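Let me begin by presenting the structure, written as structure tokens, before commenting on it.
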Amino acid sequence: MSVIVPAILCGGVGSRLWPLSRTSKPKQFHPLTSDKSLLAETLLRGASAPGAKGAVLIAGESMRDLARAEASAAGMLGARIVLEPEGKNTAPAAALAALAALDVDPDAIVLMLPSDHHVGDLIAFAAAVATGAQLAADDRIVTFGIKPNEPHTGYGYITAGAPLGDGFAVAAFVEKPKPAAARALLEAGGNYWNSGIYMFRARFYLDELARLAPQMRETAENAWNRGRNDGDVHFLDAATWAQCPSDSIDYAVAEKTDRAAVVPVDMAWNDVGSWAALHEIAATGNETVAIGDVVSLDSTGCYVRAESRLVALVGVSDLVVIETPDAVLIMPRERAQDVKAVVETLKSAGRTELL
């Protein structure tokens with residue numbers, strides 16, 4: 001069995017989960033779906049994969065202590081932490097993951113996981129990893145395609161082509177569609193949500209990156225080689241890293257390679273992209289979900305989180321109420337995506353202490 005090295009991408013602020021998620025402590029460092037943080041849950045999920053060995057966390061320099069604390073909470077204090085002086089999107093981050101994985105095993109397969117997703121069915125996840133490992137060992141760039149249950153317009157789609165064992169070659173990547181196009185994709189079948197979860201043989205990914213984005217490959221590897229280790233932390237050379245192009249793995253590699261594959265999976269996945277998504281995860285119907293010191297009377301369909309004081313609801317429906325020591329958010333649940341507009345308003349007003 002191939003050695004699988006889980007690589008967790010810890011970047012991103014999660015502005016749609018303001019006011020809890022801040023630049024100083026983004027959403028992946030908070031316990032949102034259990035008593036463990038999303039990052040700790042992701043680490044444990046990666047460690048449970050068949051053939052898993054070690055772990056790599058790709059994080060911003062300001063996140064070093066938070067990342068180490070969450071690795072410790074997951075019982076993985078020895079996880080390798082790679083610090084980016086600045087974010088360069090997922091294609092260069094995947095190169096760093098590949099370079100770190102080669103230190104674990106010269107033929108390692110990387111299991112690249114966003115740190116802020118929820119997976120409810122770990123058995124289905126493990127089965128998908130096993131299938132993905134077989135395809136990755138055959139030099140495929142593998143992505144997990146989530147079986148859609150609605151015509152969602154917030155995700156990109158992957159169209160499956162020719163069968164490859166329990167997976168498929170990728171026929172096409174589809175940008176986030178308009179509602180009519182999303183309905184057509186769902187009705188046609190063979191189309192899956194792009195989860196952002198990837199598997200690839202570390203050496204093959206670096207070779208494909210050299211072919212498809214040579215400057216990115218060269219500068220990422222040079223930044224790695226010119227960097228330094230300090231215990232479990234690897235610091236990149238900042239001046240070299242600054243020259244690295246920024247792009248997503250989707251655009252830089254997956255959409256251009258002829259070796260892309262998709263593994264369809266139904267694993268109760270959620271990208272935890274909004275407060276409404278957290279209600280969807282926690283609720284079995286349209287009941288109110290309350291976290292913290294909350295009194296709810298004759299209220300339905302609400303998501304309420306009290307961090308520092310009592311929050312009481314009376315006779316309201318379908319609201320999101322998030323209380324923190326210095327900010328309170330109240331909105332209809334259906335407008336959960338609009339939180340980002342609040343964040344932009346605060347930025348424009350120079351209210352950086354709240355961001």
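The values are calculated or read from the model by the stated rules, or taken from the named source; none is laboratory data. Please read all numbers here as calculations on a predicted model, not as lab measurements. Ideal geometry is used to build each Cβ from the backbone, glycine not excepted, and the neighbour counts take in all protein chains shown.
Of the residues A169, A213, A202, A160, which is more than 21 Å from the chain's Cα centre (by Cα), assigned by TED's automatic domain parsing to the domain that holds I249 and in contact (Cβ under 8 Å) with a residue 60 or more places away in the chain?
After applying the criteria, what remains is A213.
In the list G292, G301, G231, which residue meets the criterion of being free of Cβ contacts under 8 Å to residues at least 40 places away in the same chain and in the same structural domain as L83 (by TED's automatic domain parsing)?
G231
Here is a yes/no grid of residues against (1) at pLDDT 95 or above; (2) within 30 Å of L209 (Cα to Cα):
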position: W241; (1), (2): yes, yes
position: S246; (1), (2): yes, yes
position: H279; (1), (2): yes, no
position: G301; (1), (2): yes, no
position: A306; (1), (2): yes, no
position: P325; (1), (2): yes, no
position: M331; (1), (2): yes, no
position: A336; (1), (2): no, no
position: V342; (1), (2): yes, no
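When you scan region 5-27, do you find a residue that is surrounded by fewer than 17 Cβ atoms within 10 Å (Cβ to Cβ), under 24 Å from Y251 (Cα atoms) and modelled with pLDDT under 95, even just one?
Among the residues of region 5-27, at least one is surrounded by fewer than 17 Cβ atoms within 10 Å (Cβ to Cβ), under 24 Å from Y251 (Cα atoms) and modelled with pLDDT under 95, which makes the answer yes.
Under 24 Å from I141 (Cα atoms) and either touching a helix residue (DSSP H, G or I) at 6+ places or on another chain (Cβ under 7 Å) or not basic (K, R) (or both): is that true of N222 in this structure?
It is true that N222 is under 24 Å from I141 (Cα atoms) and either touching a helix residue (DSSP H, G or I) at 6+ places or on another chain (Cβ under 7 Å) or not basic (K, R) (or both).
Among the residues of region 253-273, is any on the phi > 0 side of the Ramachandran plot, touching a strand residue (DSSP E or B) at 6+ places or on another chain (Cβ under 8 Å) and surrounded by 21 or more Cβ atoms within 10 Å (Cβ to Cβ)?
Yes; the residues of region 253-273 include at least one that is on the phi > 0 side of the Ramachandran plot, touching a strand residue (DSSP E or B) at 6+ places or on another chain (Cβ under 8 Å) and surrounded by 21 or more Cβ atoms within 10 Å (Cβ to Cβ).
Hey, could you check region 74-87 for residues that are of a type in the set (G, A, S) and surrounded by fewer than 18 Cβ atoms within 10 Å (Cβ to Cβ) and say which is nearest to the chain's Cα centre (by Cα)?
The extreme case among them is G87.
Go through region 53-63 and report how many residues are buried (at least 17 other Cβ atoms within 10 Å of the Cβ) and touching a Leu at 6+ places or on another chain (Cβ under 9 Å).
7
Which residues, counting only those in region 318-335, are among the β-branched types (V, I, T) and in contact (Cβ under 8 Å) with a residue 12 or more places away in the chain?
V320, V321, I322, T324, V328
Just to be sure before I move on: is Y251 at pLDDT 95 or above, aromatic (F, W, Y), over 30 Å from I81 (Cβ atoms) and within 25 Å of the chain's Cα centre (by Cα) in the structure I sent?
On the way: at pLDDT 95 or above: yes; aromatic (F, W, Y): yes; over 30 Å from I81 (Cβ atoms): no; within 25 Å of the chain's Cα centre (by Cα): yes.
No: the conditions fail for Y251.
How many of the residues making up region 106-141 are on the phi > 0 side of the Ramachandran plot and in a helix (DSSP H, G or I)? Before you say what the answer is, go through the steps one by one.
Our first condition is that a residue be on the phi > 0 side of the Ramachandran plot; within region 106-141, this holds for 139.
Next, from what is left, pick out any that are in a helix (DSSP H, G or I): none.
Number of matching residues: 0.
Residue check: is A242 free of Cβ contacts under 8 Å to residues at least 60 places away in the same chain and surrounded by fewer than 15 Cβ atoms within 10 Å (Cβ to Cβ)?
no
Take A223 and decide whether it is surrounded by fewer than 19 Cβ atoms within 10 Å (Cβ to Cβ), of a type in the set (G, A, S) and closer than 24 Å to I81 by Cα.
Numbers: surrounded by fewer than 19 Cβ atoms within 10 Å (Cβ to Cβ): no; of a type in the set (G, A, S): yes; closer than 24 Å to I81 by Cα: yes.
No.
What is the one condition in (1) of a type in the set (D, E, K, R); (2) within 15 Å of the chain's Cα centre (by Cα); (3) modelled with pLDDT under 95 that K36 does not satisfy?
Only one criterion is unmet by K36, namely (2).
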